[in-house]
Each structure stands twice: as structure tokens, then as C-alpha cells.
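Notes follow once the structure below has been shown.
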Amino acid sequence: AQSVTQLDSQVPVFEEAPVELRCNYSSSVSVYLFWYVQYPNQGLQLLLKYLSGSTLVKGINGFEAEFNKSQTSFHLRKPSVHISDTAEYFCAVTLNTGGFKTIFGAGTRLFVKA
Amino acid sequence: NAGVTQTPKFQVLKTGQSMTLQCAQDMNHEYMSWYRQDPGMGLRLIHYSVGAGITDQGEVPNGYNVSRSTTEDFPLRLLSAAPSQTSVYFCASSLSGWVNEQYFGPGTRLTVT
């Protein structure tokens, strides 16, 4: 069965420090990978996505993620976080079965402290 | 463009009541979906549609109905509300199925007492 695991439910970090939010997935078919961000009381918005090509993808707000096929991971990184990055981050996997099925991870709450 | 809009923003129901959550998009997207968000569980797909007149079940469809009579609208009906349906509901749309990003509405917070 397909699944998405976000390894940390909460990540506290000081402002200007680097951060990595971890995501692993399990799938028997090829996948497309996404990171979404949810600010308080809002819907989700796309940070970045991997469809094919270079395994390092860059997104909005200085975030980037690296697809590692052998480790089935898609970790999200930012070299220097800001207070405004405080939000919940969701890793999502869309399965390449010809149908429409996206599986979301449980989310990681990033809390940036001054 | 307004994007994806949802109404109402908040709703309180009594057990057994029915209601419809409204969702509309003005981006001419073919794919629309409904998710529920519960603490520690991420988003789970309830129902989705790949075009007007076509709907299918997601991961947690029981207790919910959908229809898609137009490209723009995708209402979610709760047939007989139960406390287990207390959740935040998000509607999303995308240009096509699985390679395009999904655009999310602001959500509806539903409480069933």
C-alpha cells in the first residue's frame, strides 16, 4: 500500500537557522512529489513539486527539496528561516496510475523562534 | 480570479442534520476534490471529480455525497451528520489530474454536536 510519512510532527528552530523537514514515501508505482504549506486558518498552497528531471527542485520563499529515489525520500530544506515561515508543511505524493490519487502526509509544524 | 471559494467558513450541526458545503472555482479546472483535515492525520480524500458529470470516491467517502453538474461547482453533502464528521473540510481544484498542483479553498470548519 502507498503511504507518506513525515518523520517529525513538530520542528522548533531559531530564526536564521537552517531547517530540514523530512518526508518518506512508499509506493509500488511511480510518483510525483509535492510540498504544500498551510499558514494559520488558511488553505494549502504549493511550495514546490518534483515531476521529473533534476532531483533538486527549488520552490517559493527560498525552500528547496531533493528527491532521492533509492531512499524514497523528498526532504524539504531552507538554509535560513524567518519568523514568517512558521506554518504547517505537508508532503504529498500523487500516484502515476492514470487515475487521480494524492496521498498527504500528516504534516510537520514548523515553529520559528526569535 | 477568485480562485477556489468555499462557504460557509464555520458551521455547527446537531447529530442527524444534513447540510451542503459549497465549493466553486473560476479557473476552468477539470479536476476538483474534497478533503477533510483532522489533527495528526493530514488531509484525506473524500470524493473527487475529473469533469462535469463524473465523480468518484476517495479514501473516506462514507456519509458524504457529491455531484458535479457544472465545471465550476462541486458541492459536498452530509447526509446525516455524526460527531465523527467534525473536521475542517477543504475543496481543491487542479487543471488536470496528477501532474498539476492543486489549488485549495480557505476551508470550512464543521462541528457536529
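The values are calculated or read from the model by the stated rules, or taken from the named source; none is laboratory data. Fair warning: this is a prediction, and the values are worked out from it, not measured in the lab. So basically every Cβ, Gly included, is an ideal-geometry build from the backbone, and we count neighbours across all protein chains shown.
Output yes when any residue across region A:37-60 is within 11 Å of chain B (Cβ to nearest Cβ), touching a residue at least 60 places away in the same chain (Cβ under 8 Å) and not charged (D, E, K, R), and no when none is.
yes
Quick one: which of A:Thr94, A:Thr108 is touching a Ser or Thr at 6+ places or on another chain (Cβ under 8 Å), of a type in the set (Val, Ile, Thr) and either loosely packed, with under 13 Cβ neighbours inside 10 Å or over 22 Å from A:Val11 (Cα atoms) (or both)?
Being touching a Ser or Thr at 6+ places or on another chain (Cβ under 8 Å), of a type in the set (Val, Ile, Thr) and either loosely packed, with under 13 Cβ neighbours inside 10 Å or over 22 Å from A:Val11 (Cα atoms) (or both) holds for just one of A:Thr94, A:Thr108, which is A:Thr94.
For region B:83-99, what are the residues that are surrounded by 15 or more Cβ atoms within 10 Å (Cβ to Cβ) and more than 9 Å from chain A (Cβ to nearest Cβ)?
B:Gln85, B:Thr86, B:Ser87, B:Val88, B:Tyr89, B:Ser93
Would you call B:Thr71 within 29 Å of A:Pro40 (Cβ to Cβ) and either at pLDDT 95 or above or acidic (Asp, Glu) (or both)?
No, not satisfied.
Do you know which residues across region B:59-97 are farther than 22 Å from A:Gln38 by Cα, touching a His at 6+ places or on another chain (Cβ under 7 Å) and assigned to a loop (DSSP other than H, G, I, E, B)?
Of everything in region B:59-97, just one residue is farther than 22 Å from A:Gln38 by Cα, touching a His at 6+ places or on another chain (Cβ under 7 Å) and assigned to a loop (DSSP other than H, G, I, E, B), namely B:Pro61.
Select from region B:7-28 the residues that are surrounded by 20 or more Cβ atoms within 10 Å (Cβ to Cβ) and either in contact with a Leu (Cβ under 8 Å, 6 or more places away or on another chain) or modelled with pLDDT under 95 (or both) and list them in ascending order.
B:Leu21, B:Cys23, listed by residue number.
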